[in-house]
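Data block below; observations after.
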Amino acid sequence: MRDMFVGVTYIGKATRDWRHLRGLMTETAADFAAAPTGVLPSRVRPTAEAFFQAWTTYAGEAAREAGEFVTSLQATVDDFQGVESQAMEQFAGLSVACDDTTTNGTALSSRLGAVG
């Protein structure tokens, strides 16, 4: 279980990092889209507009891709937590079964001896 906890902790941190990156790239795309080109000389304005448009697109694509990583990593954490919950439920059921008395009055756990 310790390894699973370490994995979930690491994936949780990676998810937060990717979420932060998505936010940064979303802001960057908005900044490029809002960049004023009207103050530039007319001969460089078309080049500047093309530059800002291209980088608006690149940053937007990067934000979408980071969002896809966030979604995938969060799904992985959810899967880990689901498996852990299921394992805990099954273990609890096993513990109850070991403590139930049998027809001859002997608990299963006493017949198996010490575990661990």
**Request:** Please report, in debye to the nearest 20, how large the charge dipole of the range 28-86 is about its Cα centre when each Lys and Arg carries +1 at its beta carbon and each Asp and Glu carries -1 there.
**Result:** 600
**Request:** In whole Hz, with x marking every Gly and Pro, tabulate ³J(HN,Hα) for the range 26-41 from phi via Karplus 6.51 cos²θ - 1.76 cosθ + 1.60, θ = phi - 60°.
**Result:** 5, 5, 4, 4, 5, 5, 5, 5, 8, 4, x, 10, x, 7, 7, x
**Item:** Virtual paramagnetic centre 7 Å along Cα→Cβ of Phe69, amide N under 15 Å, in the range 17-60
**Value:** 17-26, 59-60
**Selection of trypsin sites (Lys or Arg not before Pro), the range 1-82, meeting DSSP coil and at most 10 other Cβ within 10 Å** = Arg43
**Request:** Order the following by accessible area, largest value first: Thr76, Thr47. Probe radius 1.4 Å; ligands, DNA and RNA are ignored.
**Result:** Thr47, Thr76
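Relative contact order, percent, of the range 1-80 when contacts are C-alpha pairs under 8 Å separated by at least 6 residues?
Values: 60 pairs, mean separation 39.9, N = 80.
Dividing the mean separation by the residue count of the range 1-80 yields 50 percent.
The values are calculated or read from the model by the stated rules, or taken from the named source; none is laboratory data. Since we're looking at a predicted model, the values are computed, not measured. Virtual Cβ from ideal backbone geometry, glycine too; neighbours counted across all protein chains shown. Quick note on the areas: whole protein, heavy atoms, side chains included, nothing else; ligands and nucleic acids left out. Shrake-Rupley method; radii C 1.70, N 1.55, O 1.52, S 1.80 Å.
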